[in-house]
Each structure stands twice: as C-alpha cells, then as structure tokens.
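Novice: Okay, here's the structure, questions in a sec.
The values are calculated or read from the model by the stated rules, or taken from the named source; none is laboratory data. Note that the coordinates shown come from a computational prediction; the quantities given were computed from them, not determined experimentally. Cβ coordinates were reconstructed from backbone atoms using ideal geometry, including for glycine residues, and neighbour counts include every protein chain displayed. With ligands, DNA and RNA removed, areas are computed over all heavy atoms of the protein, side chains included. Shrake-Rupley method; radii C 1.70, N 1.55, O 1.52, S 1.80 Å.
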Amino acid sequence: MTHRTPHRSLVAVLAAALAPVLGVSAAIAVPSAAQAAVSKANCRLHQVLLSKEGDGNVPKELAFLRDTLKNDEFAIYKGFYLLERKTLKLDLESRVDAGFGTGHKLGLTLLGGDDAKLKLRAELTGRDGVKSLLDTTYSIQNNGQLMISAGSHTDAGRSGKLFFAIQCGSSA
Amino acid sequence: MTDREPDIPSGAQALQQYFDDELDPAAEAAFAAKLDREPALREHLRQLGRIRELVTHDLERRASEVPRARFEQVWDEIDRVIGEEQRQAREVSAQPRSIWQRLWAALRPASVQVLAAAATAAVVVFVVKSMNEPGVNQPDGVASVPHSAPVAKPQPTVSTPPDAIAHVPLPVAAPDGDAFPAPSPVDAEIHGIEFGGRNGRISQTGTVTVLYVEDDGAPQNSERSL
C-alpha cells in the first residue's frame, strides 16, 4: 500500500519549512566563526624623541607610553617629546605607508592574525624615504606595541634618539 | 499434526475429532457408522484411548504425590513471574526516550525528505556565503590604498618625491584614532628581520620589544626567528 500517514506528511512539511531557516542560521554562524581571523586593523604610530636631558616627566600626549618608558631599556632618557603621530587603517595583505616630517616612511602590512594576536610587517626607510632601514615580520598581542629606534636625531635644539612606537589592534 | 503420522489411515483427523468429542451430532453418527464398518479405524480409536489413559493416569499419579501446599507455591511462583514480566513491560513502554531517539524516530519515515531539506540548507549556505564574499576580478586600486578608503590630502610636512606618490600611499586616518587602549606590555615575536642600516639588534625586555637600527652604513641582512 502507498498509504501516507498524516504524521509522515507533517514531518516532510516541517523539514521543508525548516531547511531555509537552518541554512540561513548556518550561513550566519559559519562566517562568524571564520571571521575570528582578523582582516582589518587600526594602528597608531608615534614618532618620539627621547633625550638624556630633561626633567623625567612624561608629557600628557605620551601618557600611553609612560609604563613603557619606565622600563630599564629607556632608563637613560629623561626628556620625552612627541614629534608626530599617525593613525592608519590596515586591510589584510595591503601595505599602507605613513610619511613623517623627518623624511622617514613607515609601511605597515597586516598579514593575518586573530582576535588575540596580529601578524604584521613593518618596513622603515631612512630619512631619504627610499633606503630601507628595517624590514621585519612579527606577531604581537592585539594592541601590543613594538618600538623601533632609528638612530640619533635633533629637533628644535634637542638631541636624542628617534623612536617609532607602533601599536595595532584588530577592528571589525 | 496428523499429516506427520503416516500409520494413521485416512480419516485420522475425523478420528481425532471424534475422539475429542468435537464433531457435530450428525458427523458423529456418520463416523460411528464408519467405525462399525472399519475394524482398523476402531483399533486406532482404541489406541488413542489407551494413550490418553496412560498419560492421564501417570499425571494423576504424580499429582497425587505432590502436596496441595506445593501446588499453591507453584501457582504463586507462576503469578509472581507473570506479574514481574508485566511490570517490566510497562516500565519499558513508559520509559522516556531521549530527544534524539524521538527525533530520529519521527524523521526516519521521512529520511528522503530530510536529506532533501539538508541539501537545500547546504545550497542556501553556499548562496548566502557567496553573497557576502567580494567577487573576483575587482578593478585595481591606486597603489596599495584600499578601494573604500578615502584618499587623504598630501601633508605639507611629508617630503615625498612626486614620482614616489604612486608607490607610497598616504596614510588614512582611522575614524577614532584616540580610542586605542593602553599598549599591552608584551614582547613581539619576530619571525624575520632584515636590517638595512649599519647596525641592528633586537631587545626584548618581557614587556616591550625594541628594534634598534642605524640610519647609515652598508646594508646588513639577517634572518632570525625568535
């Protein structure tokens, strides 16, 4: 007999009705899991001059660096001066360059990562904007900071060492 | 049963029914007349009676040897076993099944429809995902600046040679550049590094990584993995 019970028909109808719902739900859920991989990042770059001459006070505009500058690595410096600040938006595998008044150019590329860690490439040129001083690939915790010292520098009569502070965080 | 007893002549079924008093009166009378005519049939009937007598006599003898109290125990045991089996049957039928068992039991009759629904869901997933992904063969942008990013005006403090503009995209301001949290006090993991200046070194303190480079001198390459 080919008799179909109402129960079977009901199951079939329910299955057919739920299929698109399940599909859309899965389509929403799968990308959210996959998007744990970072595709965009915001970065801020600070070019600072650290001098051995100064009162040891970290100015307000460099307050975010206060903990870093307390490190023994920077113990010899007493003067802290912000020269320039840049903010960059990075897309995956797309290099973005920032030029500074000193002539240096700092290129950043987001290579990947996840919500916890970013993989980046930093390329720094000399004062002529052409000669490569540094080309490095690194991973760092989200919103972690990498410091680059680019040699001696004098600005407004203050002499010291030129530093670049690179901080990047993933963005939606 | 009678078909398996070849020594019983035809009419054995009627003989058995006659022996068991299962024939209606007319058939019984007819069979009795047949018995009168056929001695062999009468002999079979006699043997049947003899067998029954032997069996019942033996059973009655054995039963008489069993005290009545023992019969009560036997019947109690039978009642107990039957009651236990009925209770177990009720428990099995009343035991709640898991949701997956019930779901499977409900879907099993319509497995084809369920498979079709799953296939439909897979197609919907594919289509929705395809709609979210950028298409291929996108038009090229200017240098490495993202397509959606607005081009910032050249900043006067940047001394960029005109011929380098195409290769050096200008920085794009983040919407909320001041919204950065305090830097995490962690070291960076350097995968590869190439120093172009005279000297270069890596300093890691546990809370910050500092890369030291010099702005002059011959290029110096190195590959390190820390």
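Novice: Answer yes if at least one residue in the stretch A:150-164 is at the interface with chain B (Cβ under 7 Å from one of its Cβ atoms) and among the aliphatic types (A, V, I, L, M), and no otherwise.
Specialist: So the first thing to find is which residues in the stretch A:150-164 are at the interface with chain B (Cβ under 7 Å from one of its Cβ atoms), and the list is A:150-151.
Okay, now just the ones that are also among the aliphatic types (A, V, I, L, M), so A:150.
Within the stretch A:150-164, one or more residues are at the interface with chain B (Cβ under 7 Å from one of its Cβ atoms) and among the aliphatic types (A, V, I, L, M).
Novice: To continue, here is another question. Can you list residue pairs whose Cβ atoms sit under 9 Å apart, with the first residue in the stretch B:191-209 being under 11 Å from A:SER149 (Cα atoms) and more than 7 Å from chain A (Cβ to nearest Cβ) and the second being part of a loop (DSSP other than H, G, I, E, B) and open to solvent by 80 Å² or more (accessible area, probe 1.4 Å)? Count only pairs 6 or more apart in sequence or on different chains.
Specialist: B:ILE202/B:ARG224; B:ILE202/B:LEU226
Novice: Taking strands (runs of 3 or more DSSP E) that fall entirely within the stretch A:94-172, which contain at least 1 residues that are assigned by TED's automatic domain parsing to the domain that holds A:LEU62, more than 17 Å from A:HIS46 (Cβ to Cβ) and of a type in the set (Gly, Ala, Ser)?
Specialist: Passing ranges, in order: A:105-113, A:132-141, A:145-155, A:158-171.
Novice: Pull out all pairs, ordered by first then second residue, where Cβ-Cβ is under 6 Å, the residues are six or more apart or on different chains, the first lies in the stretch B:98-111 and is without any contact (Cβ under 8 Å) to a residue 60 or more places away in the chain, and the second is surrounded by 12 or more Cβ atoms within 10 Å (Cβ to Cβ).
Specialist: Taking only residues 6 or more apart or on different chains, the pairs are B:ALA106/A:VAL11; B:LEU107/B:VAL114; B:PRO109/A:ARG8; B:ALA110/A:ARG8; B:ALA110/A:VAL11; B:ALA110/A:ALA12.
Novice: Taking the stretch A:125-138, which residues are more than 7 Å from every other protein chain (Cβ to nearest Cβ) and aliphatic (A, V, I, L, M)?
Specialist: Of everything in the stretch A:125-138, just one residue is more than 7 Å from every other protein chain (Cβ to nearest Cβ) and aliphatic (A, V, I, L, M), namely A:VAL130.
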